[in-house]
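> Here it is, the structure in full.
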Amino acid sequence: MGLMDWFKRLLSSNEVQTDLSQEPVPRPISSSFAVTGRYGVNVVGESFHKPALRRICGRRGVEQRLSVAAELRRDRGNRHDRNAIAVFVKGAHVGHLSREDARRYRTWVEELGAAGRPVTCPAEVAAYWPGYRDYAAPFAVKLDLPLPPKEAFPYWLDRVKNLRQTSALQQAVEQSLREITDPAQRERIVAVAASRSVDCTVERIAKLKSAETKLKNLDACHEFVVSLSVHGLDPKQLVARLAKARAGLANA
């Protein structure tokens, strides 16, 4: 093979390093679950599926993080785990949920799959090529899965009870309402978050010296509490507490 033939083959192969910053922005990935933005569920057993992962990643020689859609399928014939859930990306088997996660998500996956549609979620595939031969390069697959319904409410309730900043509480409420569907539980989360924001804001401004900073804290809290009225919160009492705190600043 001549030099020119070798060069053409190199350019057409997957071994050409590509600047990831030039890749097109990925389209939104469809999901059977609420999208959390957290890739907190680790897939296990990727090392047994390296050929498939190499085909999915394509390139060699550069560290990669790919946003893809993953499909979850019950692996009923698995001899090692009766709850086993297999993970597929682009039609290729890339691993399983861990035993613990399979137990947590099995019922949910079965219920969603009962309609006959694929059970999907956003996933991130990471390839660590530098320093490894192609066959030895490690891979990691992480899934964006919300907490199972039985776990979501106690988790988020505990979280909002321990947050102190209004901005953090706002983010927690937005995230929790994407994961919690029970109306009573949603109302409880909203009420606790609003009350927590007011309590911490009033406590915080008592320690601040700058009147301008105090007013900014009160304004942010007021805006947050009023915004929660769309979720069924009656903000009158909490707004009255903030108004009293604001009047105290004016008289100081």
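The values are calculated or read from the model by the stated rules, or taken from the named source; none is laboratory data. Model, not experiment: these values are computed from the prediction. Please note: Cβ atoms are built from the backbone with ideal geometry, for glycine as well, and neighbour counts cover all protein chains shown.
> Scanning the stretch 137-186 for residues that are out of contact with any strand residue (DSSP E or B) (no Cβ under 9 Å at 6 or more places or on another chain) and of a type in the set (Phe, Trp, Tyr), which turns out surrounded by the fewest Cβ atoms within 10 Å (Cβ to Cβ)?
Taking the candidates together, the pick is Tyr155.
> Could you check the stretch 189-215 and list, in sequence order, the residues that are surrounded by fewer than 17 Cβ atoms within 10 Å (Cβ to Cβ) and not aliphatic (A, V, I, L, M)?
Within the stretch 189-215, Asp199, Glu203, Lys207, Lys209, Ser210, Glu212, Thr213 meet the criteria.
> Find the residue count for the stretch 236-252, including only residues that are more than 38 Å from the chain's Cα centre (by Cα) and within 12 Å of Leu218 (Cβ to Cβ).
Count: 5.
> If you take the residues in the stretch 125-136 that are at pLDDT below 85 and surrounded by 16 or more Cβ atoms within 10 Å (Cβ to Cβ), which one is farthest from Val192 (Cα to Cα)?
Initially, the stretch 125-136 is screened for residues at pLDDT below 85, giving 127-136.
Next, only the ones that are surrounded by 16 or more Cβ atoms within 10 Å (Cβ to Cβ) stay: 127, 129.
Numbers: Ala127: 42, Trp129: 47 Å.
So the residue we want is Trp129.
> Just to check your reading of the model, which residue among Gly37, Gly77 is assigned to a loop (DSSP other than H, G, I, E, B), surrounded by fewer than 19 Cβ atoms within 10 Å (Cβ to Cβ), modelled with pLDDT under 90 and not aromatic (Phe, Trp, Tyr)?
Going through Gly37, Gly77 in turn, the sole match is Gly37.
> Among the residues of the stretch 232-243, is any surrounded by fewer than 17 Cβ atoms within 10 Å (Cβ to Cβ) and within 17 Å of Ala168 (Cα to Cα)?
No: the stretch 232-243 contains no residue that is surrounded by fewer than 17 Cβ atoms within 10 Å (Cβ to Cβ) and within 17 Å of Ala168 (Cα to Cα).
> Here is a further query. Given the criterion in a helix (DSSP H, G or I), within 24 Å of the chain's Cα centre (by Cα) and modelled with pLDDT under 95, identify the matching residue among Gln170, Gln175, Gln185. Steps first, answer last, please.
Values: Gln170 fails: modelled with pLDDT under 95; Gln185 fails: modelled with pLDDT under 95.
It is Gln175.
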